[in-house]
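Below is one structure, written out as structure tokens; the observations come after it.
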Amino acid sequence: MQVGSQEAPSAIDDAEARIVVPQPRGRRRGVTIIHVAKQAGVSPMTVSRVINGDPGVREETRVLVNATIRELNYTPNLSARSLVTSRELRIGVIYANPSAAFMSGFLAGVFEEASARAAQLILLKGKQGGVPTHEEIEQLIASGIGGVILTPPLGESDAVRQILRDAGLPLAVVAGRVADAISVGIDDRRAAHDMTRHLIALGHRRLGFIVGNPDQTASAERLAGFSEAAREAGVETCVAQGDFSYASGLVAGERLLDAAAPPSAIFASNDDMAAAVVSVAHRRHLDVPRDLTVAGMDDSIAATTLWPPLTTIRQPVQELAGEALRLLIDEMRAAQGKGPRCVARVLDHMLVERESTAPPMR
């Protein structure tokens, strides 16, 4: 395995996929494939096809691109020659996710599928977990990738997707819903509805809910599922805002338990925030689940390493990542010039009951 950064998680060190992690660089010097594409008025992928002698490029486009290459004195590097072929697939993976548990499952799934497909992954992570800059994304495009897979919340960033669409690259989005790319996820609304009904069936009549990142469709869908089930049963609810991070779960948990009539059960939009609620409960000398029931979503590592283990919704993150990459590779290998394929694939979820939930004591 070829590793260019120490950021790759140890949990997936055994993956056989070739991995290259572009390092942050200063302002670009010299001419890149991006400059050639802009000057010629075509996409970087078209420039790459011309460089590689793809017979599917129109003659007038080939002449224009070659003239621009000569005019700018551009010298293609090895990366720029890595056009999608049956021998090698170069795929960009852009991520900025506050949940380490989600990313662990995602990377395990994407590396396994990449290894099986003999694909090369190029990872790009924004500084301090933020959104990568326009220049960083252009550098990734210039490396010769043939497609991109996006993790939440980047998959639903119009700005990020626009840069990639302008480059003519096929996209796959994991755990998000967009109309202009391949999307793979679960039915978040139904999953949250199922968990809420489970808590109500245990006898809870005051339910708290912690919402995830407001920029993600999954957050709104999970809140909608919770609210719908609570309304159907006529139970009391209180809601606190989080962002899927453990730190936000601590703040939200404190807020819910400080209420005049605190909930007897708190359902968090992911396991990281649910784990934070358990921590808050312990600090307040509340027993989980005797004094407070806690439930999460994702069935991440946190769900089983925590005490008590979390009742949660299993979102098959590893399978989602693998399916997204498989669909993306299939599109990259399909005939060119057909436009983007917008496939929405929904995988099954499962409610996993563990020791963090029980009937209310009061």
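General observations
- Rounded Å value of the spacing that divides the Cα centres of segment 166-242 and segment 265-279: 14 Å
- Estimated at 0.36 nm per residue, the fully extended path between Asp287 and Asp166 surpasses their Cα-Cα distance by 38.2 nm.
- Radius 13 Å from Cβ of Glu254, net charge of other residues (Lys, Arg +1; Asp, Glu -1): +2
- Neighbour counting of Cβ atoms within 10 Å sorts the residues Arg284, Arg326, fewest neighbours leading, into Arg284, Arg326.
- Two-site label geometry, Val31 and Glu228: point separation in nm, points 7 Å out along Cα→Cβ: 5.6 nm
- Maximal additional length on extending the Asp158-Met350 stretch stands at 66.0 nm, based on 0.36 nm per residue less the C-alpha distance.
- Difference of contour (0.36 nm per residue) and Cα-Cα distance, Asp187 to Lys127: 18.5 nm
Read the figures in this text as sums done on the coordinates, not as results from a lab. Since the structure is predicted, the reported quantities are computational estimates derived from the model, not experimental observations. Here the Cβ is made from the backbone with ideal geometry for all residues, glycine too, and neighbour counts use every protein chain on show.
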